[in-house]
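Novice: First the structure, which I've put down as structure tokens, then a few questions once you've had a look.
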Amino acid sequence: MPFEKITEQPSRYHHLEKMTIGEILINTNIEDKTVPIAIEKAIPAIEKLIEVISDKMLMGGRLFYIGAGTSGRLGILDASECPPTYGVPYGLVIGIIAGGEKAITNAVEYAEDDKQQGWKDLVNYNVSEKDVVVGIAASGTTPYVIGALEECRKRKIVTGSISCNPQSPVSAAADFPIEVIVGPEFVTGSTRMKSGTAQKLVLNMISTTVMIQLGRVEDNKMVNMQLTNEKLVDRGTKMLMERINETDYTTAKDLLLKYGSVKKAADSFNK
């Protein structure tokens, strides 16, 4: 099947400027509802990638996300939330974006078109065969991402990809490609919409499942989360009270603050 750039096809909707605010919201919502269905079809591919990521990370490897624009920002977002949510070290999950830190908040012209720079950016982190590199590109054609994956493959580094077009070049460059075909965007070519939503949901699935496999969740609780604000301290205190029967709020909070996590506090109490 030849490569087809569905993400750039014309919107199914016309004269958006003539729609009422309500009509824009309703039609956007109609399109958004199709995203989980598209992801459901990709679950077998997502599962395969997660299995290899989990195996590599259990053996001491890291997970890298690499992308440009919206895709790169989504990878950085997912990576940055793993330490506070699951208590893992910074640097275990790493997000890299074309154009560097500036590109997180400002577009960097032509950064995504440099096919050599993606690998150079990975080298800065001493990427190796122990790691997994996941390229994120809605169109599936971003040279920065494709070049990075191709260089990884030459060096026997396991690669995955997340894209929203079938049979895309980035899929061809990945060992474990994920394709979530969400169709044309509400605003033609605006892949920060459905495509971005699809990528965010897949990234949620990847990081959450991997962290569960790494033992960072017990029952349905984030027992290793960092206590970085009062909301999280309160949440952790209530978790600890559930785990340690006959413990009042103040005692549980004191234990939590002393040991720094629900898991460590509970383990110390049960010794």
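The values are calculated or read from the model by the stated rules, or taken from the named source; none is laboratory data. Everything numeric in this text was worked out from a predicted model, so none of it was measured. With ideal geometry, Cβ positions are generated from the backbone for all residues, glycine too; neighbour counts draw on all protein chains shown.
Novice: D131 fails exactly one of the following numbered conditions: (1) surrounded by fewer than 19 Cβ atoms within 10 Å (Cβ to Cβ); (2) under 19 Å from L92 (Cα atoms); (3) among the charged types (D, E, K, R). What is the number of that condition?
Specialist: So D131 meets the others, but not (1).
Novice: Within region 174-197, which residues are touching a Cys at 6+ places or on another chain (Cβ under 6 Å) and either without any contact (Cβ under 8 Å) to a residue 40 or more places away in the chain or in a helix (DSSP H, G or I) (or both)?
Specialist: If the condition is that a residue be touching a Cys at 6+ places or on another chain (Cβ under 6 Å) and either without any contact (Cβ under 8 Å) to a residue 40 or more places away in the chain or in a helix (DSSP H, G or I) (or both), then S195 is the only one that fits.
Novice: Here's something else I'd like to know. Can you tell me which residues in region 139-173 are assigned to a strand (DSSP E or B) and of a type in the set (A, V, I, L, M, F, W, C)?
Specialist: V158, I162
Novice: Do we find a residue being among the hydroxyl-bearing types (S, T, Y) and within 24 Å of the chain's Cα centre (by Cα) anywhere in region 219-238?
Specialist: yes
Novice: Separate question: Counting only residues that are β-branched (V, I, T) and surrounded by fewer than 24 Cβ atoms within 10 Å (Cβ to Cβ), which one in region 147-180 is farthest from the chain's Cα centre (by Cα)?
Specialist: I157
Novice: Moving to a separate point now. Just to verify a result, which residue in region 5-24, among those that are surrounded by 10 or more Cβ atoms within 10 Å (Cβ to Cβ) and among the charged types (D, E, K, R), is modelled with the lowest pLDDT?
Specialist: The residue in question is K5.
Novice: List the helices (runs of 4 or more DSSP H) that sit entirely inside region 41-126 and contain at least 3 residues that are within 23 Å of T197 (Cβ to Cβ) and touching a residue at least 24 places away in the same chain (Cβ under 8 Å).
Specialist: 69-86
Novice: Is one or more of the residues making up region 213-221 of a type outside the set (S, T, Y), assigned to a loop (DSSP other than H, G, I, E, B), within 30 Å of E151 (Cβ to Cβ) and at pLDDT below 95?
Specialist: Yes: region 213-221 contains one or more residues that are of a type outside the set (S, T, Y), assigned to a loop (DSSP other than H, G, I, E, B), within 30 Å of E151 (Cβ to Cβ) and at pLDDT below 95.
Novice: Residues of region 181-199 being under 19 Å from the mean Cα position of the chain (by Cα) and under 11 Å from V35 (Cα atoms), which ones?
Specialist: Across region 181-199, the qualifying residues are I181, V182, M193, K194, S195, G196, T197, A198, Q199.
Novice: Residue check: is K33 in contact (Cβ under 8 Å) with a residue 40 or more places away in the chain and out of contact with any Leu (no Cβ under 8 Å at 6 or more places or on another chain)?
Specialist: The answer is no for K33.
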